[in-house]
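Trainee: Let me give you the structure first, and then I'll get to my questions.
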Amino acid sequence: MKIRIGLVTIAAIVLECHFGFTQSTPTHTVFIEGSTRGPSYSLNYDRIFYSGTKVSYAYRIGLHWLNDEIALPIGVSLITGKGTHHGEISLTATPLVDRAKYLFRSGNYSDKKIYLTPGLGYRFQKPTGGFFAKAVAGPTLF
């Protein structure tokens, strides 16, 4: 009985600390991105690391793995506004390895590419969290 009361007390303290230290504005997003050039899709993590009154800054890192192709998109974004609708300017570098199974073998027959993608677009993200969507267009440079 004493052990049960102790565990309930510890759980209550942990829960209280958890709710006491949560951020008021959600800054983390996980999303799937589709592309027409380079990797066809990627699973990404996006975090707003600075939130100002007129602009905010975010970084993202992702992973694409399809058959024998691996890519790791890494980017930064400038986001305008504080409401639900935002303009976004981004720059993403995507290292890609095709025929990845040969990457660490002698002879190394894998193809390695880096796509550089500047973008301009729209971002829908409520300040309270929830659904997130964005559309960004821009050229893909090697």
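Laboratory data are not the source of any read-out in this text; all were calculated from the coordinates shown. The structure displayed is predicted, hence computed values, not measured ones. As a convention, Cβ positions derive from the backbone with ideal geometry for all residues, glycine included, and neighbour counts pool all protein chains shown.
Trainee: Modelling each spin label as a point 7 Å along the Cα-to-Cβ direction, I'd like the Val76/Ala133 distance in nm, to one decimal.
Mentor: 2.9 nm
Trainee: Subtract the Cα-Cα distance of Arg99 and Leu66 from 0.36 nm times their separation in residues, and report this length gain in nm to one decimal.
Mentor: Extra length available between Arg99 and Leu66 comes to 10.8 nm.
Trainee: May I ask you to sort Arg123, Arg60, Arg47, Arg99 by Cβ crowding, counting other Cβ atoms within 10 Å and putting the fewest first?
Mentor: Arg47, Arg99, Arg60, Arg123
Trainee: Then there is this: Determine the sum of side-chain charges near Leu78: Lys and Arg each +1, Asp and Glu each -1, restricted to other residues whose C-beta is under 15 angstrom from that of Leu78.
Mentor: +4
Trainee: For Cα pairs less than 8 Å apart in space and 6+ apart in sequence, what is the mean separation divided by the residue count of the stretch 25-137, i.e. the relative contact order in percent?
Mentor: Once divided by the residue count of the stretch 25-137, the mean separation gives 19 percent.
Trainee: Listing Lys54, Lys82, Lys134 from the residue with the fewest other Cβ atoms within 10 Å to the one with the most, what is the order?
Mentor: If I rank by nearby Cβ atoms, fewest first, I get Lys54, Lys82, Lys134.
Trainee: Which residues does a label at His28 reach in the stretch 42-60, if reach means a backbone N under 19 Å from a point 7 Å past the Cα toward the Cβ?
Mentor: Flagged as within label range: 43-51, 57-60.
Trainee: What is the order of Thr84, Thr29, Thr128, fewest Cβ neighbours within 10 Å to most?
Mentor: Listing Thr84, Thr29, Thr128 from fewest to most nearby Cβ atoms yields Thr128, Thr84, Thr29.
Trainee: Net charge around Leu96, counting only other residues with Cβ within less than 9 Å of its Cβ (Lys, Arg = +1; Asp, Glu = -1)?
Mentor: -1
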